[in-house]
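Chemist: Quick one: this structure, given as structure tokens, is what I'll be asking you about.
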Amino acid sequence: MTAVHAPGVPVIEDGELVSTNPATGAEAGRFPVADEEDVRRSVARAGEAARWWAGLGHAGRKERLLRWRSLIANRMTEIAELVNREGGKPVADGIVETTAAIEHIDWAARNARRVLGLRRVRSRLVLAEFSAHLEYQPYGVIGVIGPWNYPVVTPIGSLAYALAAGNAVVFKPSEYTPAVGQWLADTFAEVVPEHPVLQVVHGLGDVGAALCRSGVAKVAFTGSTATGKKVMAACAETLTPVLIEAGGKDAMIVDADANLDAAAEACVWGGLMNAGQTCIGIERVYAVEPVYDAFVAKVVEKAGRLTVGDGEDAEIGPITMPSQIEIIRRHIDDAIARGGRAVLGGPEAVQPPYVHPTILVDVPEDSAAVREETFGPTLTISRVRDSDEAVALVNAVPYGLGGSVFGRRNAMSIARRLRSGMAAVNSVITFVGMSTLPFGGVGDSGFGRIHGDDGLREFGRAKAITKRRGPSLMPAMTFERTPAQVGRIAKTIKMIYGRG
Ligand code: NDP
């Protein structure tokens, strides 16, 4: 007999994790829940698979990863529909998300050898008789723990780079999106059937915790800051290195010389798409005094036109994690209780499982809506004197993930002053799809990088080798050296480094 569950709330039934759509409650899939022993067994199997995968070399892995990329590209509607069925995200957003994931697999596959492969680096005068060699060797098995809000591109930001670097992966998807996680592993197994190079383990947070303690060589975690701290604490027990991609409270700055139509369009999309459930989504905006009123009017006009629901035309779907609705409600209520005004939406916009677009103004800077991650289709817009005040306010929260600046003359210098890992000038979020750039945060948003050269290096251990290529003219690292030679070394070093 199947029990009736609240839509979107994952439950465990007869040892299986049951995933349902947050709008309709329709079942999206059920998957066996792993226990601690299952996780250990998966990691042990992955250890063997990792040796085989590493042995394929860069060329062998590139060829297989590119086949996986093509498979996903050819079946992107299928995965976007599954993302919609499971998490409620509009199919169009699922397509956009998958596009970025495909680009990352392609780039990681094509660039792993250049970034990680064995290469000569320059020797310096002091050890000129040695050549220097560097490569980044795979860790072995990487544990990847992912969130639900971007169940394709977020895990792939770690998976593709970890796999391209020669590691096997055991992946724990969010309990809200196990079907999408399983799809990724199943399609990978279609192109790499020989060994379980990418496995999935399902369950609740305790399965993620078990993965941290399972003997994996590194953990790549994406999720909330609070869970990130738990992951780090668990990994500390075994000195397992971690990569933490955590939450954000990204801001947009609109300067006096900004194109206001473009800024409003980007702000509405960056803040409200995926119902605001985006780690690098815009949650607060600082517009300078001369353009503030015109900017707010444009944002309200554009945001007010968005359609909400689970139909095919809906631009804003349901809130995927039902418990988040209370957080969104609290942020809106608190903002208004403390003197803020809703120029669009407001408390009545919260209609579970949906939240309609809400634009808040005059919200105090120390309120939850400005300082905490809301993760809903809401924006605060604050009036500032100038871009200096805007930068100071943007940088005053503990998060530091991305950000956006609209303007002409000073936009680039403003972007550089943001305390964040990424920034977009005259656009929003675009850095996530730029596979040549690293992605990651500072402060409460975490540390370490996925994507780009840094993202590949994150999944390889630097291995440094020096190799003698001739006799030492000034032997230093031997007991055979004479006092005269030590004297010559001291004199030479003074000559080279002692001036200036
Ligand atoms: P959570 O932190 O709740 O969960 C993330 C993952 O960790 C899930 O798979 C979860 O499993 C698992 N987990 C829970 N408890 C533990 C534990 N004790 N040990 C190990 N793993 C555990 O985050 P959400 O899934 O709610 O994701 C939303 C958050 O992710 C937001 O804060 C968002 O900003 C952030 N995010 C950051 C991104 C970035 O790149 N910086 C990108 C996307 C999202 P389960 O779901 O089963 O509880």
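We did not get these values from a lab; they are worked out from the coordinates using the rules stated. Quick caveat: nothing in here was measured; it's all calculated off a predicted structure. Heads up, the Cβs are rebuilt from the backbone with ideal geometry, glycines too, and the neighbour counts pull from every protein chain shown.
Chemist: If I filter the stretch 318-328 for residues that are surrounded by fewer than 19 Cβ atoms within 10 Å (Cβ to Cβ) and more than 13 Å from the ligand (Cβ to nearest atom), do I get at least one hit?
Modeler: yes
Chemist: In addition: Residue check: is residue 233 more than 14 Å from the chain's Cα centre (by Cα), near the ligand (Cβ under 8 Å from one of its atoms) and of a type in the set (Gly, Ala, Ser)?
Modeler: no
Chemist: Here's a check for you: in the stretch 48-74, which residue that is of a type in the set (Phe, Trp, Tyr) and crowded, with 19+ Cβ neighbours inside 10 Å is farthest from residue 182 (Cα to Cα)?
Modeler: Step by step, filter the stretch 48-74, then rank; the result is 53.
Chemist: Would you check if there is a residue in the stretch 236-249 being among the basic types (Lys, Arg) and surrounded by fewer than 17 Cβ atoms within 10 Å (Cβ to Cβ)?
Modeler: no
Chemist: Going residue by residue through the stretch 443-453, is there one that turns out to be in contact with a strand residue (DSSP E or B) (Cβ under 9 Å, 6 or more places away or on another chain) and over 30 Å from residue 112 (Cα atoms)?
Modeler: No: zero hits.
Chemist: Name the residues in the stretch 242-260 that are over 30 Å from residue 287 (Cβ atoms) and either free of Cβ contacts under 8 Å to residues at least 60 places away in the same chain or small (Gly, Ala, Ser) (or both), would you?
Modeler: Within the stretch 242-260, none qualify.
Chemist: Could you list all residues from the stretch 452-497 that are under 30 Å from residue 432 (Cα atoms) and not small (Gly, Ala, Ser)?
Modeler: Within the stretch 452-497, 453, 454, 456, 457, 458, 459, 461, 463 meet the criteria.
Chemist: While we're here: Give the stretch 145-172 a look and list any residue that's in contact with a Pro (Cβ under 7 Å, 6 or more places away or on another chain) and within 6 Å of the ligand (Cβ to nearest atom), or say none.
Modeler: 146, 154
Chemist: Restricting attention to the stretch 377-398, report how many residues are buried (at least 16 other Cβ atoms within 10 Å of the Cβ) and either aliphatic (A, V, I, L, M) or touching a Leu at 6+ places or on another chain (Cβ under 9 Å) (or both).
Modeler: The qualifying residues number 12.
Chemist: For the stretch 404-441, give me the residue count where each residue is part of a strand (DSSP E or B) and away from the ligand (no atom under 11 Å from the Cβ).
Modeler: Residues meeting the conditions: 5.
Chemist: Just checking: which of the helices (runs of 4 or more DSSP H) contained wholly in the stretch 261-373 hold 3 or more residues that are touching a helix residue (DSSP H, G or I) at 6+ places or on another chain (Cβ under 7 Å) and touching a residue at least 40 places away in the same chain (Cβ under 8 Å)?
Modeler: 289-303, 324-337
Chemist: What are the residues in the stretch 2-30 that are among the hydrophobic types (A, V, I, L, M, F, W, C) and either crowded, with 20+ Cβ neighbours inside 10 Å or free of Cβ contacts under 8 Å to residues at least 60 places away in the same chain (or both), if any?
Modeler: 3, 4, 11, 17, 18, 23, 26, 28
Chemist: Right, next: Could you run through the stretch 130-170 and say how many residues are out of contact with any Gly (no Cβ under 8 Å at 6 or more places or on another chain) and closer than 12 Å to residue 220 by Cβ?
Modeler: Within the stretch 130-170, residues that are out of contact with any Gly (no Cβ under 8 Å at 6 or more places or on another chain) and closer than 12 Å to residue 220 by Cβ number 8.
Chemist: Considering each of 360, 379, 456, 393 in turn, give the residue that is away from the ligand (no atom under 12 Å from the Cβ) and closer than 28 Å to residue 137 by Cβ.
Modeler: Sole residue among the options that is away from the ligand (no atom under 12 Å from the Cβ) and closer than 28 Å to residue 137 by Cβ: 456.
Chemist: Here's a follow-up. On the given criteria, is residue 401 within 15 Å of the ligand (Cβ to nearest atom), of a type in the set (A, V, I, L, M) and surrounded by fewer than 19 Cβ atoms within 10 Å (Cβ to Cβ)?
Modeler: So residue 401 fails the test.
Chemist: May I pose another question? If residue 256 passes every condition in (1) more than 27 Å from residue 386 (Cα to Cα); (2) surrounded by fewer than 24 Cβ atoms within 10 Å (Cβ to Cβ) but one, which one does it miss?
Modeler: The single condition residue 256 does not satisfy is (1).
Chemist: I'd like the residue in the stretch 173-208 that is within 16 Å of residue 43 (Cβ to Cβ) and of a type in the set (Gly, Ala, Ser) and, out of all such residues, is farthest from the ligand (Cβ to nearest atom).
Modeler: 185
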